Structures are given as C-alpha cells and as structure tokens.
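K.L.:
Structure incoming, see below.
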Amino acid sequence: MTPPPELIGGLESPDYSSHDRAAHEPYVAVFTGETRKELDELLGHYPKKMAALLPALWIVQRERGWVSEEGMVEVADLLELTPAYVKGVVTFYTMYHQHPVGKYFIQVCTTSPCGICGAEDVVKAFLRHTNAGELGVTSPDGKFTVIEVECLGACGFATPVMINEKFIESVNPDKVPELLAELT
Amino acid sequence: MGFPHLPHSRETTVLSKYFGDAEARTLDGWKKRGGYKALEKALGMQPADIVNVVKESGLRGRGGAGFPTGMKWSFMKPGDGKPHYLCCNADESEPGTFKDRELMRWTPHALVEGCAIGAYAIGAETAYIYIRGEFTEPLYWMEQAVKEAYAAGIIGKNAMGSGKRIDVHVHKGAGAYICGEETALMNSLEGRRGNPRIKPPFPAVSGVFGMPTTINNVETLIAAAPILLNGADWYKKMSLSNPKSTGTKLFSVCGNVQRPGTYEVVMGFPFKEFLYDLCGGPYHGRKFKAVIPGGASVPIQTMEEAEATLMDYEGFVAQGSMLGSGGVIVIDDAQPMVTVIARIARFFAHESCAQCTQCREGTAWTTKILERIRDGEGTMEDLDTLLDIAEQMTGKTICVLSDSCAVPVVSGIQKFRGEFEALIQGRRFHPVTAAVA
C-alpha cells in the first residue's frame, strides 16, 4: 500500500483558488450525489444524527475550502439542528475556516517545545517569503495564509508545519524557500 | 524507537518494535508479525477473564492520570441492558507528547486490535477512535487499517467468526486541546462544543450518548494485546522499581537534545541515563538546565531532581513532578525559563474552553503578567500575583486545564526564581551562545 499523494509528494489539495469569488456567489449545496452518500454512510456510525456534525463540517470544508454561514445552514437542516447551534460548534474548533483563506494554508507550530528549537524564526521566514507579511493575513496574490498554531503533536520533529493537509516535519528557516517553491 | 533512529540497545521494544517498518502498516504485514493473535485469543475468553488478566498485569492508563486499566474496565457492568461504548483517546495534544502519533502512523492495526479487545472486554459493540484533526498521516493509516480489518472480517458483524459484533470507527477532531479531556472528548464526539462535563456522573455510568463508556489512551489499548498473549506475569516482570508501575512506557523526547524521538523503556529506568545515553545528551557546548517530564502540564524539574529520578509513576512524584503522558521536554542553558513558561501559559490561555471563570481569566492574566516580565517590564509584586492567581486556579474548576496552567508557573517560580528576579531587576538573561552540534 502506498501513501496517498498529499502525504508523500506534491501538494494536491482542495482547490482554494475560488475562495474570494465563492464568498460572493449564490450558495451551491454541498451534499448532493456522492457527497450525500458519504454523509449517509457516516450517519450509520452513530446512534444520534448530531454526532455526524463534525464530520459533516469537515466535508463542507473539503469541498468549499471553508465553512460559510450557508454551509452551516445546510448542515443544520440535514442533521435536524438549528443554524445557531451549528455556528456555536464551528466557532469552538480552530480548524474550521470561517472565512476564505489562501490557496495554501500554512500552520507553523510555535508552542514551547518547538519554541525552544527556533520556531519563531520559521514563522518569520514564512511571512517574509510568502509576502503575507502578517499572521492570519492572506498574501496579496491570494496564495498564502500563515498562522501560528498550538502544538501540532510532533514535538520531536521541531518545527512541524502543516500546509493544507500535508504535514511536514523538521522545518528550519533555510528550508522555507524550497518548500514554497513547490507550491504553485 | 525504530524511527527516526534505530532502537537503542537499552530500550525494551514491545509497542515500538515495528516503528519505521512500513510493511507492518498493512494487514498482511501485521499478521506476519503476529498481529490479531491476541484478539483471536481474547474472543475465546470470557470478558471478565480478560479484565482480570489486565488487572493482574498492573497496566495503568498511559494518557496521563495513570489510573489502573483493569479496574476502569471492571466498572462497566455487564448485562445492564444498555449499549456500552469504548472511546480511544487519540487527541494527543499535550505539548511534548507525540508517542500516540508514532503508534498510529506505524502500527495502525495494533490500535484496531487493541480497540477490539477493549470493546469486547467491557461489553461494547462500538469503539470510536477520536483522532485530533491535525494528525493527517495517522488519520490516513488508521482509516486504511479499519477498512482492511472490516474487509477481512476481523471487525464488524461477526468479528473473526466469533459471532460477536465489534465496530470500530475513526472520528476526526477539529482542533481543540481540551477534547483530550475525557468528558470534553465525549461531548465533541456527540457533535457538541468540547466543554468538559461535571463529574459525577462518571463515564462508566453515563458517558458518550448517555451510555456507559470507557475511555482509554492509544498506548493503553495497544498494550493490552501483548499482555493477553504473554500473560500478566510477563508484563509485571518488566519493571525495575516497584510493583505499582509495571511494563514498558513510551517516552517522547523533544527540545534541546541530540536525539529527540520516541523511546520505549521499562518502568523504573534511570532518567539520568535515559537523558544522557539514550537521548544523546545536550547539544555540543551546552548543558541541560531543566526538564518537563510528562507534557507541559506537570511541574518542571531541575536537573538535580531529574538525574535522581526513576522513570515510573511514583519515581517522578518522588522527585517533584509527574509521569503524565511521558512527553519529555528538555530545556538547555541557552533558553530563558521565563520565555519558556510564558509560552506554556499562552498555550493554556489559547486552549481554555472558557467555561470556568478561574481558568478563562486565570490563564489569560497569567500569560499577560509572564510576558510582561519576559519583556523586562515586570515588578517583584508580579511574582506574588502570579502565585496568588495560581492558587485560585487550582482545584476549583470542572476539569484540570486550569490546574495544568498553574503547575508549571508555580514550579517555575519556585525553582528558577533567580531568572525571574534578574529580568525584573533589569538584568537581562544572557543565553549561552556556544555552537550547536
């Protein structure tokens, strides 16, 4: 068995390029056809519909790149919840994007164990080389959003960085330009 | 260890034997290495007998609290007419801890097997593996392993032809440290905000979906398989110190050491040799200054304490700390302690679920004051304020996140007060600038 491509090689990932446009366009339902089937199968894992909420939100984010208010309404209808309840859950968890982000969402771990191994310099290198300039702000070309993240759970491989779904270990500032060169 | 380095000769590799061995990730490869024999044996036993073997082995929870696993399993009353659930806590987020990540990415079938054994032992038909969302690689391998195990009939309606139903599902978290707290994990699994619940009722009475539930750490469940195969006595003998801490333990080592990684040693191993021999000691030209031995929420040890420690539940307590999750953070003399502790406090402030006032306010204020001292703008009074806040944060909240933030702050001020005072008095910390090997 070989690992999926996003874990070993290139950076195949959801298409984030249309984020800004998507924010202004009419909402297109996520759960149709195959995606609906996927949700139905997930519902079979739990005795209560509500338990499929986190997985359903993951599907919305996978398909659209972020979780919009309309996406929350769609999920709420499907799982017989109120949109307000769903929003309450979305806002609790840090991994759901509540607004469009860059095509490449870069998370750098800076918690203590990485901090003492120089994670701050890795963050600075990413900010400089992506032109994002500031944490949480998408670069002018819409490609990169860099954030600091709390403990990615790979402390022995300092500094771990997540770019979309790809998990990269042992990043130092010198490696940053070559990592970014792969991202087109 | 096996990955990224070969195992050290003084390691005892039971759980980490196949780290770095890509073939062990597949069902065929896992079976070739003796996989699923323990489950087969378990399904031929009475659940109560499995619980007794685990009880007898002395296995204790590897997630942090060290609660005896067999006893936890025995709280699940068979024949109460309710569905039982097993939750595997794979929300490993404690700074410094990454052993479960290695277990899941290298030996995913070991966890499927452990979950199936655990579920059968507590009378559950469903086991959920709650994995934190950031663990994309472990998630991938666990999902593959579950799929393969279903296809081979190892789990499912008729697990290994035993007539028993055992379902195992992987559930992906979405970024919240607090979901590693067992009641928060259950809330999250149910599709709620990850706020911890007030106990009692304890999970064994009313857990996930309101039903009797047992929550075990990844390493605990995986350890159950070799115990069943080799017997409780075999496991008990793997201890260098006392009969209360048995078996092997994975320690994930990070920070300023030559060879960070996940090591497996028997309980009671001398910490001094562990740090200087197995982990390769400090970088060239530097010295160790402090160790946080069990993830960011346990007391900081001075080197004097650390070097006198025997690595087991009681050994760490005897030397002013706790074994916790086995996440060893090593800090060398180039690191200002105030910066390290302020960053830990910031972590907890970020991760507080904000349910309890003491925690929401306490973690935030602790962080602000520590960062003020770090930036050379603190006063001597600040130290008293920090200790006062820490006292208010301890033992007064629904879960222990608040206490976890207070612990490193208090131990840090007690053991490294000089560094705090130096910064306050305008004497900056001068790090050692020797070259890194």
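K.L.:
Hey, which of the helices (runs of 4 or more DSSP H) in segment A:66-184, taking only ones fully inside, have at least 2 residues that are within 23 Å of B:ILE341 (Cα to Cα) and of a type in the set (A, V, I, L, M)? Steps first, please.
P.N.:
Values: elements: A:69-78, A:83-92, A:112-115, A:119-130, A:176-181.
In segment A:66-184, the matching helices (runs of 4 or more DSSP H) lie at A:119-130.
K.L.:
So which pairs qualify, if the first residue must be in segment B:335-355 and more than 8 Å from every other protein chain (Cβ to nearest Cβ), the second must be assigned to a helix (DSSP H, G or I) and among the acidic types (Asp, Glu), the Cβ gap must be under 8 Å, and the two must be at least 6 apart or on different chains?
P.N.:
B:PRO336/B:GLU419; B:MET337/B:GLU419; B:VAL338/B:GLU419; B:ALA342/B:GLU371; B:ARG346/B:GLU371
K.L.:
So, one more: Can you find even one residue in segment A:122-131 that is out of contact with any Pro (no Cβ under 8 Å at 6 or more places or on another chain), touching a residue at least 12 places away in the same chain (Cβ under 8 Å) and under 29 Å from B:VAL291 (Cα atoms)? Steps first, answer last, please.
P.N.:
Step one: of segment A:122-131, the residues out of contact with any Pro (no Cβ under 8 Å at 6 or more places or on another chain) are A:123, A:126-128, A:130.
In the following step, the residues that additionally are touching a residue at least 12 places away in the same chain (Cβ under 8 Å) were identified as A:123, A:126-127, A:130.
With the extra rule that they be under 29 Å from B:VAL291 (Cα atoms), the set shrinks to A:123.
Within segment A:122-131, one or more residues are out of contact with any Pro (no Cβ under 8 Å at 6 or more places or on another chain), touching a residue at least 12 places away in the same chain (Cβ under 8 Å) and under 29 Å from B:VAL291 (Cα atoms).
K.L.:
Still on this structure, I have one more. From B:GLY114, B:GLY118, B:GLY66, B:GLY61, which residue is modelled with pLDDT under 95 and more than 14 Å from chain A (Cβ to nearest Cβ)?
P.N.:
Numbers: B:GLY114 fails: modelled with pLDDT under 95; B:GLY118 fails: modelled with pLDDT under 95; B:GLY61 fails: modelled with pLDDT under 95.
Selected residue: B:GLY66, the only one of B:GLY114, B:GLY118, B:GLY66, B:GLY61 that is modelled with pLDDT under 95 and more than 14 Å from chain A (Cβ to nearest Cβ).
K.L.:
Just give me the residues in segment B:185-194 being in contact with an Asp or Glu (Cβ under 9 Å, 6 or more places away or on another chain), at the interface with chain A (Cβ under 10 Å from one of its Cβ atoms) and not hydroxyl-bearing (Ser, Thr, Tyr), in sequence order. Lay out the reasoning, then the answer.
P.N.:
Applying the first criterion (in contact with an Asp or Glu (Cβ under 9 Å, 6 or more places away or on another chain)) to segment B:185-194 yields B:185, B:188, B:194.
The next check asks that each one be at the interface with chain A (Cβ under 10 Å from one of its Cβ atoms); those that pass are B:188, B:194.
Passing the criteria: only B:GLY194.
K.L.:
Inspect all residues belonging to segment B:67-88 and state whether any of them is among the acidic types (Asp, Glu), crowded, with 17+ Cβ neighbours inside 10 Å, under 25 Å from B:ILE215 (Cα atoms) and in contact (Cβ under 8 Å) with a residue 40 or more places away in the chain. Working first, answer last.
P.N.:
So in segment B:67-88, the residues among the acidic types (Asp, Glu) come out as B:80.
Filter again for crowded, with 17+ Cβ neighbours inside 10 Å, leaving none.
For segment B:67-88, residues among the acidic types (Asp, Glu), crowded, with 17+ Cβ neighbours inside 10 Å, under 25 Å from B:ILE215 (Cα atoms) and in contact (Cβ under 8 Å) with a residue 40 or more places away in the chain: absent.
K.L.:
Find the helices (runs of 4 or more DSSP H) located wholly in segment B:315-428 whose residues include 2 or more that are within 27 Å of B:ARG101 (Cβ to Cβ), and list them.
P.N.:
Values: elements: B:337-351, B:357-374, B:380-393, B:401-415, B:417-424.
Fully inside segment B:315-428 and qualifying: B:337-351, B:357-374, B:401-415.
Okay, residues lined up against (1) surrounded by fewer than 19 Cβ atoms within 10 Å (Cβ to Cβ); (2) in contact with a Leu (Cβ under 9 Å, 6 or more places away or on another chain); (3) on the phi > 0 side of the Ramachandran plot; (4) not polar (S, T, N, Q):
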residue	(1), (2), (3), (4)
A:HIS45	yes, no, no, yes
A:ALA51	no, yes, no, yes
A:ALA56	no, yes, no, yes
A:GLU63	yes, no, no, yes
A:MET72	no, yes, no, yes
A:TYR104	no, yes, no, yes
A:THR110	no, no, no, no
A:ARG128	yes, no, no, yes
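K.L.:
Please go through segment B:200-236 and pick out each residue that is assigned to a loop (DSSP other than H, G, I, E, B) and over 21 Å from the mean Cα position of the chain (by Cα).
P.N.:
Initially, segment B:200-236 is screened for residues assigned to a loop (DSSP other than H, G, I, E, B), giving B:200-207, B:211-212, B:231.
Residues satisfying the conditions are B:PRO200, B:PRO201, B:VAL205, B:SER206, B:MET211, B:PRO212, B:GLY231.
K.L.:
Can I ask one more? Here is a list: B:CYS359, B:CYS353. Which entry is over 18 Å from B:PRO408 (Cβ atoms), crowded, with 20+ Cβ neighbours inside 10 Å and modelled with pLDDT of 95 or more? Let's see the steps before the verdict.
P.N.:
Values: B:CYS359 fails: over 18 Å from B:PRO408 (Cβ atoms).
Among B:CYS359, B:CYS353, only B:CYS353 is over 18 Å from B:PRO408 (Cβ atoms), crowded, with 20+ Cβ neighbours inside 10 Å and modelled with pLDDT of 95 or more.
K.L.:
Is it true that B:VAL170 is within 13 Å of chain A (Cβ to nearest Cβ), buried (at least 20 other Cβ atoms within 10 Å of the Cβ) and outside any helix (DSSP H, G or I)?
P.N.:
Numbers: within 13 Å of chain A (Cβ to nearest Cβ): yes; buried (at least 20 other Cβ atoms within 10 Å of the Cβ): yes; outside any helix (DSSP H, G or I): yes.
In short, yes.
K.L.:
May I ask you to list the residues in segment B:201-213 that are crowded, with 24+ Cβ neighbours inside 10 Å and under 24 Å from B:SER352 (Cα atoms)?
P.N.:
Residues satisfying the conditions are B:PRO203, B:GLY207, B:VAL208.
K.L.:
Also, quick follow-up: Of everything in segment A:109-124 that's in contact with a strand residue (DSSP E or B) (Cβ under 7 Å, 6 or more places away or on another chain) and more than 12 Å from every other protein chain (Cβ to nearest Cβ), which residue is nearest to A:ARG64 (Cα to Cα)?
P.N.:
It comes out as A:VAL123.
K.L.:
Continuing with the same structure: Within segment B:171-181, can one find any residue that is among the hydrophobic types (A, V, I, L, M, F, W, C), without any contact (Cβ under 8 Å) to a residue 60 or more places away in the chain and under 30 Å from B:ALA354 (Cβ atoms)? Steps first, please.
P.N.:
Going through segment B:171-181, the residues among the hydrophobic types (A, V, I, L, M, F, W, C) turn out to be B:174, B:176, B:178-179.
Filter once more, so that each one left must be without any contact (Cβ under 8 Å) to a residue 60 or more places away in the chain: B:174.
Restricting the remaining residues to those that are under 30 Å from B:ALA354 (Cβ atoms) gives B:174.
The answer is yes, given that some residue of segment B:171-181 is among the hydrophobic types (A, V, I, L, M, F, W, C), without any contact (Cβ under 8 Å) to a residue 60 or more places away in the chain and under 30 Å from B:ALA354 (Cβ atoms).
K.L.:
I need a count of the residues in segment B:165-208 that are β-branched (Val, Ile, Thr) and more than 22 Å from A:VAL89 (Cα to Cα). If you could, list the steps in order and put the result at the bottom.
P.N.:
Filtering segment B:165-208 for residues β-branched (Val, Ile, Thr) gives B:166, B:168, B:170, B:178, B:183, B:198, B:205, B:208.
This time we only want the ones that are more than 22 Å from A:VAL89 (Cα to Cα), so: B:166, B:168, B:205.
Looking only at that region, the number is 3.
K.L.:
Considering each residue of segment B:226-284, count those that are hydroxyl-bearing (Ser, Thr, Tyr) and more than 12 Å from chain A (Cβ to nearest Cβ), and give that number.
P.N.:
Final tally of qualifying residues: 7.
K.L.:
On the basis of being under 30 Å from B:PRO336 (Cα atoms), within 8 Å of chain B (Cβ to nearest Cβ) and without any contact (Cβ under 8 Å) to a residue 60 or more places away in the chain, does A:SER170 make the cut? I'd like the intermediate steps shown before the answer.
P.N.:
Working: under 30 Å from B:PRO336 (Cα atoms): yes; within 8 Å of chain B (Cβ to nearest Cβ): no; without any contact (Cβ under 8 Å) to a residue 60 or more places away in the chain: yes.
Against the criterion (under 30 Å from B:PRO336 (Cα atoms), within 8 Å of chain B (Cβ to nearest Cβ) and without any contact (Cβ under 8 Å) to a residue 60 or more places away in the chain), A:SER170 does not qualify.
K.L.:
Just the residues that are within 16 Å of the chain's Cα centre (by Cα) and either of a type in the set (A, V, I, L, M, F, W, C) or away from chain B (no Cβ under 14 Å) (or both), please, taken from segment A:140-159. It would help to see each step written out before you state the result.
P.N.:
Looking only at segment A:140-159, we keep the residues that are within 16 Å of the chain's Cα centre (by Cα), and these are A:142-152.
Across segment A:140-159, the qualifying residues are A:GLY142, A:LYS143, A:PHE144, A:THR145, A:VAL146, A:ILE147, A:VAL149, A:CYS151, A:LEU152.
K.L.:
Looking for whichever is β-branched (Val, Ile, Thr) and surrounded by 21 or more Cβ atoms within 10 Å (Cβ to Cβ) here; the options are B:ILE155, B:ILE198. Which one fits? First the steps, then the outcome.
P.N.:
Values: B:ILE198 fails: surrounded by 21 or more Cβ atoms within 10 Å (Cβ to Cβ).
Sole residue among the options that is β-branched (Val, Ile, Thr) and surrounded by 21 or more Cβ atoms within 10 Å (Cβ to Cβ): B:ILE155.
The values are calculated or read from the model by the stated rules, or taken from the named source; none is laboratory data. Please read these numbers as outputs of a predicted model, since none were measured by experiment. Neighbour counts run over all protein chains shown; Cβ positions are idealised from the backbone, glycine included.
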